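The values are calculated or read from the model by the stated rules, or taken from the named source; none is laboratory data. None of the values given here were measured: they were computed from a predicted structure. Positions of Cβ are generated from backbone atoms using ideal geometry, with glycine treated the same way; all protein chains shown enter the neighbour counts. Please note that ligands, DNA and RNA were not included when accessible areas were found on the heavy atoms of the full protein model with its side chains. Shrake-Rupley method; radii C 1.70, N 1.55, O 1.52, S 1.80 Å.
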Amino acid sequence: MSSHPDRTPTLTIFCKVVDNYGDIGICWRMARQLQREHGVAVTLWVDDLASFRRICPEVALEADLQQVQGVAVRHWRGQDGAYTPDQVDDIVIEFFACDLPPGYVEAMARREPRPAWLNYEGLSAEEWVEGCHRLPSMHPRLKLTKHFFFPGFTSKTGGLLRERELGRERAAFQSGAGRRDAFLRGLGLAESEIAAFKVSLFCYPFAPVAELFEAWQDSAQPIACLVPEGVAAEAVQAFLGAPARAGASATRGALTLRVLPFVAQPDYDRLLWACDLNFVRGEDSWVRAQWAGRPFVWHIYFQEENLHHKKLRAFLDRYASGLDSLKTFSLQWNGAGPGAAGAEDWAALWSDLKNELPGIAERARAWEAQMLENGDLAGNLLEFARSLR
Ligand code: TRH
């Protein structure tokens, strides 16, 4: 990397959107934080500007190169030509092992000094992660070494992405009802929904959403379930009896279901901070729920041969020990519980989870403090890249 150790490094992130919003969600969060908090000149290459725009509405769809909040954003398409070494930054991050343009890799090998090349991997609570974090991998042909960089939940991993100001901003938002209520009104909630037990719902389409809606209708306390547009659309539409568009809502029994607009990333954080319970999924919203300091249920991204169930259990073993209802509910929510799918008693699962919420909230606070001890991923990543000089 840089021959001037004290100079702020330049850095490029390559992001291929496999599906949904997590790939760009994580890369964008990392890019913004490295630029804002560490003064790094960041270029983000992304192949899908439409997905990017949903979490960051100021992204222009047609621009090959644009500046977004201090980050240079390049539309990654058809750039397989030749590159010169001076086009290569000090640090190059490939996200989830996406293949870099071959010409760019050749230029990396010709650059003096070589860039620090990191493969940013997916978040998992499994133990093997510690052994693979920072491992080198030699290029089969070129004089180049790539290193694996794993986010994680222990001090032997890269930690989790967390902005420096997050704690302060969240505390200000959660300190009284004023800011929270104004935010929720802005999303279209009625006063009765603001006063209800509020749940945000972000999950994959195969979650047993309809079953949970049914259990919530019979709840003793009013529940407002807030679903971003496009999420669990089939079950939401069936409940509403109308298209699941932002602004639509319906009440049956104790449950009011409201479709929210899909909001920009910072507002999604506020939604998590405003709710009493959050259902999250994938990777980035899962981490943000951990930083919300509120109880959450995770819907994990599907993997072949039920690999994801192993990952789910590894996380629950760390997070939910002693929280049996959360563990059982989470396993059932992910189709990983004992017994035949469809035979679960969702009213009982919900009632048990509800009773355990004070204990889960306590764990959420303790977990956050524990995670903070691992440092912040952006800082950890820069430190590691510097050590490769
Ligand atoms: O969208 P996800 O399911 O994304 C991913 C991808 O499927 C990816 O391929 C996979 O590798 C990964 O999961 C595990 O879930 P995730 O990770 O939570 O990302 C969602 C992003 O969208 C996150 O940055 C928060 C953001 N978001 C908003 O900005 N506004 C919203 O209204 C909502 C609901 C989410």
Estimated dipole of the chain in Debye, rounded to 20 [Cβ of Lys and Arg +1, of Asp and Glu -1, Cα centre]:
780
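In what order, largest first, do V18, V129 sit by accessible area if the probe radius is 1.4 Å?
V18, V129
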Here the FRET efficiency for E127 versus A82, based on Cβ atoms and R0 = 51 Å and rounded to 0.05, is 0.75
Segment 166-372: antiparallel bridges as % of DSSP beta bridges, rounded to 5, reads 20
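Under a 1.4 angstrom probe, counting protein chains only, how are D324, D23, D218 ranked by accessible area, largest first?
The ordering from most to least exposed comes out as D218, D324, D23.
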So how long is each side of the chain along the principal axes, counting just the alpha-carbon atoms, biggest first, in Å?
67, 42, 39
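With the cut-off at 1.5 for a/c, could you classify segment 41-162 from its C-alpha gyration tensor as rounded, prolate or oblate?
Values: a/c = 2.18, a/b = 1.16, b/c = 1.89.
Cα axes put segment 41-162 in the oblate bin.
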Note down the nm distance, to one decimal, between modelled labels 7 Å out along Cα→Cβ at A238 and at E165.
4.4
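With both partners inside the chain, how many of the DSSP beta bridges are antiparallel, as a percent to the nearest 5? Write out the running numbers ahead of the final one.
Numbers: 11 of 52 bridges.
Taking every DSSP beta bridge within the chain, about 20 percent pair in antiparallel fashion.
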For K327, tell me the accessible area in Å² from a 1.4 Å probe, rounded to the nearest 10.
60
What would the Debye formula give as log10 I(q)/I(0) at q = 0.13 Å⁻¹ for the alpha-carbon point model of segment 282-359, no solvent?
-0.39
Provide the solvent-accessible area of R365, counting protein heavy atoms only and rolling a 1.4 Å probe, rounded to the nearest 10 Å².
140
Using a Gaussian network model of the chain with C-alpha springs under 10 Å, which one of C98, C15, C27 is most mobile by mean-square fluctuation?
C98
In whole angstrom, note down how far apart the Cα centers of segment 153-224 and segment 341-371 are.
14
Most mobile of P261, P57, P338 per a Gaussian network model of the chain (Cα springs, under 10 Å)?
P338
How large is the charge dipole for segment 218-323, taken about the Cα centre, if only the Cβ atoms of Lys, Arg (+1) and Asp, Glu (-1) carry charge, to the nearest 20 debye?
160
So for segment 218-298: antiparallel DSSP bridges make up what percent, rounded to the nearest 5?
30
Compute the angle between helix 307-319 and the longest alpha-carbon principal axis of the chain, please, reported from 0 to 90 degrees and rounded to the nearest 10.
80
Counting only protein heavy atoms and rolling a 1.4 Å probe, one gets per residue an accessible area for segment 166-372 in Å² of 42
By how many nm would the segment from M138 to E373 grow when fully extended, if each residue of separation counts as 0.36 nm and the alpha-carbon distance is taken off?
81.4 nm
Starting from the coordinates of the alpha-carbon atoms of segment 166-372, obtain the Kirkwood hydrodynamic radius over all distinct pairs and give the value in Å to one decimal.
17.3
Most positive-pole-ward Cα, G230, L189, A341, against dipole of segment 166-372 from beta carbon charges
L189
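Tell me the mean residue ellipticity at 222 nm calculated for the chain from its helices only (DSSP H runs of n ≥ 4, each -39500 (n - 2.57), averaged over every residue, nearest 500). Kindly include the intermediate steps, with their values, before the conclusion.
Numbers: 15 runs with 159 residues, N = 389.
-12000 deg cm²/dmol, from helical runs alone.
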Determine the share of segment 166-372's accessible area contributed by carbon and sulfur atoms, expressed in whole percent, with a 1.4 angstrom probe.
50
Within a Gaussian network of the chain (alpha carbon springs, distance under 10 Å), most fluctuating of Q303, Q237, Q67
Q303
